[in-house]
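To start, I am sharing the structure in question, which I have written as structure tokens.
Quick note: the coordinates plus some simple rules give every number you see, no bench work behind them. Given the structure is predicted, the values throughout are model-derived calculations rather than measurements. Heads up, the Cβs are rebuilt from the backbone with ideal geometry, glycines too, and the neighbour counts pull from every protein chain shown.
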Amino acid sequence: MTFQELPAHARLWVHVADRDLTAEEQQALRMTLAQFLEGWSAHGAALSAAGDVLYDRVLVVGLDEQRAGATGCSIDSLVGFVRAHGKALGVDWFDRHQVLWRHQQQDEGAAIDRAWRSTRTSDFWAMRKAGVVAADAEVVDPLAATCGGARSAAGLLVKRFDESWHAEMWR
């Protein structure tokens, strides 16, 4: 099963790296993650899960809990896998003080750089206040709890700033 084939109700874990991964690092992670998920179980029951790397730095793992649910031990093993991967590559997958965002629209006919940017939360808010981050900027929402909740017209985990939890904080 691929990540895109997971049902909308599948539980979701999202980790954002503190740096972009190279193409080689992403491919290696996809392979080791697939191997881990093949053997992932909860009290001996195989778990139906899949994962992927998005936007060069976002690790997603989805689990169809209607087949078998995660337990504390199985979640701990997933966290252990992510920590070990991060340690091996010098990547922090658990830094929650960053915002992954990009510009949405074009500026008076001139193309805007649509590359994903990672900005510390405090700097992101300062940029928003200064008008650098517009209401239509796109942000990655690492708070989605299910695969269905992560899917949008803009892309997996992608929301407009004004439709995200960031906008709630801004009001």
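Between (1) 46, 42, 34; (2) 36, 34, 32; (3) 57, 32, 27, which entry matches Cα extents along the principal axes in Å as derived from the coordinates of this structure?
(3)
Simple spin-label model, 7 Å along Cα-to-Cβ: D92 to Q35 in nm?
Here the answer is 2.8 nm between the modelled labels.
Fewest first, what order do V60, V79 take by the number of other Cβ atoms within 10 Å? Kindly include the intermediate steps, with their values, before the conclusion.
On the way: V60 23, V79 14.
Exposure proxy ranking, most exposed first: V79, V60.
Can I ask one more? Can you give the extra length, in nm with one decimal, that the chain gains between W125 and A153 once fully stretched, where that is 0.36 nm per residue apart less the Cα-Cα distance? Numbers along the way, then the final one.
Values: separation 28, 0.36 × 28 = 10.08 nm, distance 2.50 nm.
Value of the extension gain: 7.6 nm.
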